[in-house]
Amino acid sequence: MDVKEEIIIVGAGIAGLATSLGLHRMGLSSIVLEASDKLRSSGFGFLTWTNAWKALDALGIGDTLRDQHIQLQRLIATSTATGLETGKRSFTTRGKHGDHEVRCVKRHLLLESLENELPRGTIRLNSKVVSIEEEAGGGRVKVLHLADGTTLKAKVLIGCDGVNSMVAKWLGLKRPSYSGRSAARGITEYPEGHGFKPEFLQYFGDGFRSGFLPCDDKNIYWFFTWSPSPQEEEVERDPMKMKQFVLSKLGKVPQQVSAVVERCDLSSLLSSHIVFRSPLNILFGNISKANVCVAGDALHPMTPDLGQGACSALEDGVVLARCLGEALKTTIDGGGGGEQEQERIEKGLKRFAEERRWRAFGLVGTAYAVGLLQQSDGPAMNFLRDKLLSGFMAGLLLSKADFDCGRLGVGH
């Protein structure tokens with residue numbers, strides 16, 4: 001059965017739902033196709049920097065999430081070789097775009113907040129796209145074939161389908177590259193309260209980095225990144241071995257910190273390779289083409305060293321909804337469908353690509369460089385990082401977060 005839709009978004013992750021909600025706020029409907037049978041909450045939590053709160057406020061869900069998460073006051077960096085602090089940075093300072101605001105948000109709560117604001121039926125689960133093609137006859141409509149045999153036709157196609165994006169492949173973007181590093185992530189629950197201060201605790205070792213952040217009074221999100229040897233590859237496939245590996249590498253950290261990993265339930269722990277898109281591919285590749293574009297990890301998968309992956313996906317959602325919404329609202333309010341409408345759609349998506357290209361280029365490139373510095377090993381690099389670079393890199397996190405993607409449009 002063929003079904004024609006105005007706007008189809010592939011992927012119900014952060015970028016896909018943010019884009020859909022942004023369009024909804026502007027009076028435009030869309031459908032979001034999700035291959036899984038439920039919203040994806042892998043990753044558990046993520047740092048939500050100032051720029052993300054600007055985007056969440058533009059979407060109208062910022063206060064809902066503030067009520068569920070504590071505000072972090074500062075970052076403390078520590079060497080696990082010596083156990084000594086190497087740098088501090090307050091999060092209660094003011095940037096060019098207002099006061100800084102940093103929290104660690106639970107992924108499932110963000111997805112639920114986005115979903116709750118969307119009209120019923122917007123998200124279609126168990127809808128795996130298996131192929132994309134142009135409509136016969138030279139039209140610009142894109143035809144999507146789903147695994148269940150359904151065929152959908154899209155006037156606008158937006159790929160928010162992650163690092164292995166089918167839409168990105170259709171646009172001709174290269175596959176993301178393996179960084180040579182891996183990340184373990186987990187969230188640990190303390191039913192009676194964890195007792196941690198509202199701080200981002202970051203630890204640097206000989207070739208690895210770890211972090212511990214309270215989401216609220218009862219949950220601590222943690223991560224551990226390292227460059228696995230061939231012998232360590234199998235560790236990633238076994239949560240118990242992964243937990244023991246992390247504990248063996250933490251070094252001189254307080255017992256309260258190591259206990260977070262020790263008591264983490266195996267079902268709340270995962271590990272994966274870290275991939276990124278070449279900054280040059282972002283700069284010179286097709287982010288958009290005619291009535292098709294990509295956003296979120298489908299556009300700019302990056303290493304986690306700036307904590308900007310999810311934040312920039314939220315930015316994408318606001319900017320894309322604004323650019324596309326203004327183009328389509330012009331058609332609705334002023335008439336002129338057909339070729340004129342397609343031209344406006346193409347211009348709107350090009351405007352999105354132009355606005356996001358350099359921002360994504362800078363984030364991906366900077367994150368990769370920071371990751372190399374933070375995880376390089378050897379006595380000389382450890383000394384350089386601990387004595388000279390720790391404060392600079394902490395400041396860089398706030399600098400990249402001091403960004404405002406803007407509002408959705410007039411009256412929003």
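For the reader, a short list of remarks on this structure follows.
- E101 meets the stated requirement of being open to solvent by 10 Å² or more (accessible area, probe 1.4 Å), assigned to a loop (DSSP other than H, G, I, E, B), modelled with pLDDT of 95 or more and charged (D, E, K, R).
- Number of positions in the stretch 201-213 that are in a loop (DSSP other than H, G, I, E, B) and open to solvent by less than 10 Å² (accessible area, probe 1.4 Å): 1
- Output for the stretch 164-176, where each listed residue is polar (S, T, N, Q) and surrounded by 18 or more Cβ atoms within 10 Å (Cβ to Cβ): S165
- In this entry, E346 is excluded by the filter for residues that are touching a Ser or Thr at 6+ places or on another chain (Cβ under 6 Å) and at pLDDT below 95.
- Residue within the stretch 186-193 that is in contact with a Pro (Cβ under 9 Å, 6 or more places away or on another chain) and surrounded by fewer than 22 Cβ atoms within 10 Å (Cβ to Cβ) present: no
- Residue count for the stretch 25-63, restricted to those that are within 23 Å of G193 (Cβ to Cβ) and either hydrophobic (A, V, I, L, M, F, W, C) or at pLDDT 95 or above (or both): 4
- Residue check, L111 of a type outside the set (S, T, Y) and under 22 Å from the mean Cα position of the chain (by Cα): yes
- Here T64, T82, T93, T50 are screened, and the one residue that is open to solvent by less than 50 Å² (accessible area, probe 1.4 Å) and touching a residue at least 12 places away in the same chain (Cβ under 8 Å) is T50.
- Just one of the listed residues (R74, R124, R120) is open to solvent by 70 Å² or more (accessible area, probe 1.4 Å) and free of Cβ contacts under 8 Å to residues at least 40 places away in the same chain, and it is R120.
- Scope the stretch 233-242; condition free of Cβ contacts under 8 Å to residues at least 40 places away in the same chain and open to solvent by less than 40 Å² (accessible area, probe 1.4 Å); matching residues: V235
- Residues of the stretch 27-66 that turn out to be on the phi > 0 side of the Ramachandran plot and among the acidic types (D, E), as a count: 0
- Of all the listed residues (V253, V261), the sole one being modelled with pLDDT of 95 or more and either part of a helix (DSSP H, G or I) or touching a Phe, Trp or Tyr at 6+ places or on another chain (Cβ under 7 Å) (or both) is V261.
- Breaking point among (1) modelled with pLDDT of 90 or more; (2) out of contact with any Ser or Thr (no Cβ under 6 Å at 6 or more places or on another chain); (3) buried (at least 19 other Cβ atoms within 10 Å of the Cβ), for F284: (3)
- From the options D161, D148, residue that is open to solvent by 30 Å² or more (accessible area, probe 1.4 Å) and over 19 Å from the mean Cα position of the chain (by Cα): D148
- All positions within the stretch 193-228 that are aliphatic (A, V, I, L, M) and touching a His at 6+ places or on another chain (Cβ under 9 Å): I220
- For the stretch 248-269, the tally of residues that are surrounded by 13 or more Cβ atoms within 10 Å (Cβ to Cβ), farther than 21 Å from K197 by Cα and hydrophobic (A, V, I, L, M, F, W, C) stands at 1.
- Test result for P279, under 13 Å from the mean Cα position of the chain (by Cα) and open to solvent by 20 Å² or more (accessible area, probe 1.4 Å): no
- Among all residues of the stretch 214-223, there is at least one that is open to solvent by 10 Å² or more (accessible area, probe 1.4 Å) and in contact with a Cys (Cβ under 7 Å, 6 or more places away or on another chain).
The values are calculated or read from the model by the stated rules, or taken from the named source; none is laboratory data. Worth saying up front: this structure is predicted, and the values here are computed from it rather than measured. Heads up, the Cβs are rebuilt from the backbone with ideal geometry, glycines too, and the neighbour counts pull from every protein chain shown. What goes into the accessible areas is simple: the full protein's heavy atoms, side chains included, and nothing from ligands, DNA or RNA. Shrake-Rupley method; radii C 1.70, N 1.55, O 1.52, S 1.80 Å.
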